[in-house]
Each structure stands twice: as structure tokens, then as C-alpha cells.
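Worksheet: the structure to be examined is printed underneath.
Laboratory data are not the source of any read-out in this text; all were calculated from the coordinates shown. In this text the structure is predicted, and so the values were computed from the model without any measurement. Cβ: placed from backbone, ideal geometry, glycine included. Neighbour counts: every protein chain shown.
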Amino acid sequence: MKLLVVFVFVTVVTAAPQPQDVQVLKLVSDNDGLGTYNFEYEQSDGSKRQEKGELRNAGAENEFVAMSGSYSWVGPDGVTYLVNYIADENGFRPTIEQGPGGTPINPFLVKILKKEYY
């Protein structure tokens with residue numbers, strides 16, 4: 001009986017979908033060390049990200065790095081989802097898009113992602 005249980009367990013484990021190895025297809029990065037930077041990457045699973053930042057009000061008490069960028073991924077439903085964002089003195093402001101064929105994005109989730117925190 002124990003042998004049967006082990007055999008069934010091994011069969012189920014080997015039949016389960018195996019995780020896909022994700023490869024980095026593109027990687028670009030530049031940073032001046034003074035607050036200005038940009039980077040981007042793309043992976044074999046369809047996910048991408050790019051971001052740039054710049055130092056604002058350098059040397060002042062209210063010095064900060066303003067950022068803008070985007071990231072995207074292909075969901076399990078085969079639809080590409082994209083988030084564009086700006087983060088600066090006016091807070092974090094994302095916009096969310098999805099490719100054709102997907103179900104509508106939950107409005108509650110959009111509201112949470114757009115909430116500004118001070």
C-alpha cells in the first residue's frame with residue numbers, strides 16, 4: 001500500500017506543470033550617481049519594465065527624485081497588462097491598461113493603486 005501511495009505521489013508531481021525558466025532578453029542601466037538614472041529590461045516571459053528618474057531641487061531642503069516609467073506582463077489569461085506611472089511632487093499617479101480579450105480590471109483595485117499617500 002505504501003508503495004502505491006508513493007507511486008501515485010511521484011506520478012502527480014511529475015505530471016504537474018513545470019515552472020518555466022525565464023531569461024533576461026534585454027538589460028540597460030545608466031546611473032550618474034547624482035540622482036539621474038534610467039533602466040529597462042525585458043524577459044522571455046513577456047514582462048518588461050522601464051524607468052527613469054531625475055533629481056529635482058538639488059541641494060534644497062525639498063530635494064527629491066522624480067520618476068516615471070512603466071511595467072507590463074502577460075497574465076495567465078494571455079492578456080498583456082500595462083501600468084504607466086509618474087511619481088513626483090504630486091504623488092504617485094499610475095494608469096492601468098490591458099490588451100484585448102481580458103476581463104475588465106476590478107475598479108476597486110484601480111482605486112487602490114491610484115490612491116495618493118502623503
Identify all aspartates and glutamates with a Cα-Cα distance to K26 below 18 Å; exclude those on the same chain that are fewer than 8 residues away in sequence. E40, E42, D45, E51
Roughly what would the spin-label model give for K52 and V83, points 7 Å off Cα along C-beta, in nm? 2.1
Give the long-range amide H neighbours of D45: residues separated by 5 or more places, or on another chain, with amide H under 5 Å away, using H modelled in the peptide plane at 1.01 Å from N. Q23
Roughly what would the spin-label model give for Q20 and M67, points 7 Å off Cα along C-beta, in nm? 2.7
